[in-house]
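Undergrad: Can you read through this structure? Questions will come right after.
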Amino acid sequence: MKLIEAKDYKEMSILASRIISEQVRSKKDSVLGLATGGTVLGTYQQLILDHQDNGTDYSEVRTFNLDEYAGLHKDDENSYHTYMKKHFFDSVNVSAANTHLPDGEASDLEKECGDYDRLISESGGIDLQLLGIGQNGHIGFNEPGSSFDSNTHLVKLAQSTREANARYFDRIEDVPKHAVTMGIASIMRSKKILLLASGVQKAAILNDLFHADVSEDIPATVLRNHPNAVIIADREALSKLQ
Ligand code: F6R
């Protein structure tokens, strides 16, 4: 894993957006794996600015998001479909037909999961996967204990994850209990991985990411086995790194 140190959230976002826009400029039909959450918001803002200022072209780009809540309608204000439209897709020239998120409302969720992995591989596989990290080491919604061999699957969210995400909902009871997520194996098939971490609340897990044993108990440690993983973290997130 390569570590890039950023001063703060803004610098992390700028550095991440440069890597992503460079990917898109060097391969115009790039397949991007995308994430939601607070950490990656600034990166999307920077990519939008870059699109406006430098004309980076997304017309042939295809995107696959990591995850979506189960049981939330696509148009629900808290769905990841809505997040992606609001924070990125509506502001660049990506074609809606080329953007993919798991359908958390599919009647046959198991089939939906298999179809999602198939679609990714039919697209040629993910060139660059963007990731955040949970305080418990989750990537996507692969909570501690997830198998490193997992493909896209239905998961029960950890209580700590529901609490962390409750900030977006009116009440914690409204946070879905399940989600569909790309599995660890699906993520690891990406040609390049870019994980972002910002803030002191990520400092302990960042130290584990680099120094704890590679184990399913801390899903993100699997990235140490990836040949092309880059971590961009700000000073606060690196403040407990030994
Ligand atoms: C989001 C996702 C999650 C987040 C993680 C960090 O699509 O898959 O793994 O990346 O929960 O979330 P934030 O950035 O809100 O701290």
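The values are calculated or read from the model by the stated rules, or taken from the named source; none is laboratory data. All values reported here derive from a predicted model rather than from experimental measurement. All Cβ positions, even for glycine, are placed from backbone atoms using ideal geometry, and neighbour counts span all protein chains on display.
Undergrad: For region 99-149, which positions are in contact with a Lys or Arg (Cβ under 6 Å, 6 or more places away or on another chain) and without any contact (Cβ under 8 Å) to a residue 24 or more places away in the chain?
TA: none
Undergrad: Do we find a residue being under 17 Å from the mean Cα position of the chain (by Cα), small (G, A, S) and more than 15 Å from the ligand (Cβ to nearest atom) anywhere in region 185-197?
TA: Narrowing region 185-197 to residues under 17 Å from the mean Cα position of the chain (by Cα): 185-197.
This time we only want the ones that are small (G, A, S), so: 185-186, 190, 197.
Now drop any that are not more than 15 Å from the ligand (Cβ to nearest atom), which leaves 185.
The answer is yes; a qualifying residue exists.
Undergrad: Further question on the same structure: From (1) of a type in the set (S, T, Y); (2) surrounded by fewer than 16 Cβ atoms within 10 Å (Cβ to Cβ); (3) touching an Asp or Glu at 6+ places or on another chain (Cβ under 9 Å), pick out the condition that doesn't hold for T82.
TA: (2)
Undergrad: Something else about it: Out of (1) surrounded by 18 or more Cβ atoms within 10 Å (Cβ to Cβ); (2) within 12 Å of the ligand (Cβ to nearest atom); (3) at pLDDT 95 or above; (4) of a type outside the set (D, E), the odd one out for Q201 is which?
TA: Of everything listed in (1) surrounded by 18 or more Cβ atoms within 10 Å (Cβ to Cβ); (2) within 12 Å of the ligand (Cβ to nearest atom); (3) at pLDDT 95 or above; (4) of a type outside the set (D, E), Q201 misses just condition (1).
Undergrad: So, D103, is that one part of a loop (DSSP other than H, G, I, E, B), modelled with pLDDT of 95 or more and farther than 21 Å from S186 by Cα or not? Give the derivation first.
TA: Values: part of a loop (DSSP other than H, G, I, E, B): yes; modelled with pLDDT of 95 or more: yes; farther than 21 Å from S186 by Cα: no.
Against the criterion (part of a loop (DSSP other than H, G, I, E, B), modelled with pLDDT of 95 or more and farther than 21 Å from S186 by Cα), D103 does not qualify.
Undergrad: Kindly establish whether H73 is modelled with pLDDT of 95 or more and surrounded by fewer than 22 Cβ atoms within 10 Å (Cβ to Cβ). Spell out how you get there, then give the answer.
TA: Numbers: modelled with pLDDT of 95 or more: no; surrounded by fewer than 22 Cβ atoms within 10 Å (Cβ to Cβ): yes.
Spelling it out, it is not the case that H73 is modelled with pLDDT of 95 or more and surrounded by fewer than 22 Cβ atoms within 10 Å (Cβ to Cβ).
Undergrad: Right, here's the next one. Checking S107 against (1) hydroxyl-bearing (S, T, Y); (2) within 20 Å of the chain's Cα centre (by Cα); (3) more than 16 Å from the ligand (Cβ to nearest atom); (4) farther than 27 Å from T221 by Cβ, only one condition comes out false. Which one?
TA: Status for S107: all satisfied but (2).
Undergrad: Ok, one more. Which of (1) surrounded by 16 or more Cβ atoms within 10 Å (Cβ to Cβ); (2) more than 16 Å from the ligand (Cβ to nearest atom); (3) at pLDDT below 95 is the odd one out, the single condition I14 does not satisfy?
TA: (3)
Undergrad: Considering region 198-223 alone, what residues qualify as being among the aliphatic types (A, V, I, L, M) and not in a helix (DSSP H, G or I)? Steps first, please.
TA: First, the residues of region 198-223 that are among the aliphatic types (A, V, I, L, M): 200, 203-206, 209, 212, 214, 218, 220, 222-223.
A212, V214, I218 - these are the residues of region 198-223 that are among the aliphatic types (A, V, I, L, M) and not in a helix (DSSP H, G or I).
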